[in-house]
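Below is one structure, written out as structure tokens, with a few remarks after it.
The values are calculated or read from the model by the stated rules, or taken from the named source; none is laboratory data. These figures come from a predicted structure and were not determined experimentally. Every residue, glycine among them, receives a Cβ derived from its backbone with ideal geometry; neighbour counts consider all protein chains shown. Surface accessibility is based on the protein's heavy atoms, side chains included, excluding ligands, DNA and RNA. Shrake-Rupley method; radii C 1.70, N 1.55, O 1.52, S 1.80 Å.
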Amino acid sequence: MNNYASYIIIFILILWLSAREKTVKPGTMWIMPLLWAYIILPAIQWQTAGFATFALFALCLILGLALGVIRGKLEKMRVRQDGSISVQGSFISILIFVGVLALRLAAEYWGKTHALVSFANALLFIPLGSVCARRYIIYQRYQALLNRRSM
């Protein structure tokens, strides 16, 4: 399976999962970050990575974490009548994620003819950081709702 097919599959999965309201299950929140790591880490050209490349990776990871915090705070969370807590992605949150993915794909395309390969690889860390931070924020909000509900 080539990278574009992987991106399309993950992209459709993320849109489907983000757009629908679903019950928060803390035990399964780690699955999406693991899927992203499974896609991203093998796609990196590690043998050509130097100090500047790793610094760029770190910068993109920090940017992704910041975007993930924003996305996590934009999520709609509510307590259902049956007592379960649900979450639904916001339209802006989905647009942020799609924009980052589109930027990464464009950089990868241009990188085949220009010197943007390191930048394209670094952009992979933005969605990874975003997914991880978003899940963490949702988990924190979930815990806060549980504590407020039990009072």
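The table below gives the values:
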quantity	calculated
Dipole magnitude (debye, nearest 20) for region 3-151, charges at Cβ of Lys, Arg, Asp, Glu	600
Portion, in percent, of the accessible area of the chain that falls on carbon or sulfur, probe 1.4 Å	70
Around Q88: net Lys/Arg minus Asp/Glu count, Cβ-Cβ under 11 Å	+2
Region 1-51-region 125-151 distance, computed between alpha-carbon centres (Å)	18
Net charge, G68 excluded, C-beta distance under 10 Å - Lys, Arg +1, Asp, Glu -1	+4
Per residue value of the accessible surface for region 14-73 (all protein chains in place, 1.4 Å probe), Å²	60
Which of F51, S118, F97, positive extreme of dipole for the chain (C-beta unit charges)	F97
Count, lysine Cα pairs under 19 Å in the chain, 8 or more residues apart or across chains	4
